[in-house]
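Visitor: So that we are looking at the same thing, I have put the structure below in structure tokens.
Derivation of every value follows stated rules applied to the coordinates shown; laboratory data play no part. What you are looking at is a predicted structure, and each value in this text was computed from that prediction instead of being measured. We place every Cβ from the backbone using ideal geometry, glycine too, and count neighbours over all the protein chains shown.
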Amino acid sequence: KDVGGLQILIPSAAIEHSGPAEVHQESQNRWLDAPVTSSDTVLVNIGDLMEFWTGGRFPSTIHRVSLPKTQEDARERFSIAYFLHPDDDVLLERLTEDGDDVNARLKARFGVDPNEPLTAKQWLETRLAATYAGRKDE
């Protein structure tokens, strides 16, 4: 998952033939292909911030690019990725008012209180701290 709002990915045509992008279907605990079907394919992944902003209406996606399945498919791959995240000083305000049950779920999921003021920088620091908790730098 990405911690920001959106990830826009423009994959090379080689990915079409050498191992697809995949998204995780959490309800079935399985990976699904997100195939690149033409040279003008654009993949858009929802990030954690968008899920937070929308009260879960747009859930963030776990995604990956799989390794090539055969030696024949092993070729150079590249992508252009754009990560959308607000400036550090932007005050994050929820786009929806969903009630206490959604707020409690968001607080449990992201570790921040949806009712408290939060800047984009504070969001990023909180999410990165959670991502790298327990990591020991050498």
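Visitor: Would you mind counting up the charge near residue 98? Only other residues with Cβ under 15 Å from its Cβ, with Lys and Arg at +1 and Asp and Glu at -1. Numbers along the way, then the final one.
Guide: Details: positive: 57, 94, 105, 107, 109; negative: 51, 93, 97, 100, 101, 113.
It works out to a net charge of -1.
Visitor: Using a basic spin-label model with each label point 7 Å from the Cα along Cα→Cβ, how many nm lie between residue 101 and residue 37?
Guide: Output for this residue pair reads 3.6 nm.
Visitor: Check residue 2: other-chain or 5+ apart residues with amide H under 5 Å from its amide H, H built from backbone geometry?
Guide: Correct list: 48, 61.
Visitor: Between residue 80 and residue 126, what FRET efficiency comes out of the Förster formula 1/(1 + (r/R0)^6) with R0 = 22 Å and r the beta carbon distance, rounded to 0.05?
Guide: The computed FRET efficiency comes out at 0.20.
Visitor: So for the chain, if I pair up every lysine 8 or more residues apart or on another chain, how many of those pairs have alpha-carbons under 26 Å apart?
Guide: Taking the chain as the scope, the lysine pair count is 6.
Visitor: Let me ask something additional. Applying the Karplus parametrisation 6.51 cos²θ - 1.76 cosθ + 1.60 with θ = phi - 60° to the phi angles of the stretch 49-66, what ³J(HN,Hα) value in whole Hz is obtained for each residue in order, glycine and proline being reported as x?
Guide: 5, 5, 4, 4, 4, 9, x, x, 5, 10, x, 5, 10, 7, 9, 7, 10, 7
Visitor: Further question on the same structure: How large is the Rg to Rh ratio of the chain when both quantities use alpha carbon positions and Rh follows Kirkwood?
Guide: 1.03
Visitor: Could you work out how far helix 100-110 tilts from the main Cα principal axis of the chain, as a 0 to 90 degree angle to the nearest 10?
Guide: So the helix axis and the longest Cα principal axis differ by about 60 degrees.
Visitor: Expressed as an acute angle from 0 to 90° and rounded to the nearest 10, what is the orientation of the C-alpha long axis of helix 120-131 relative to the principal long axis of the chain?
Guide: Roughly 60 degrees between the two axes.
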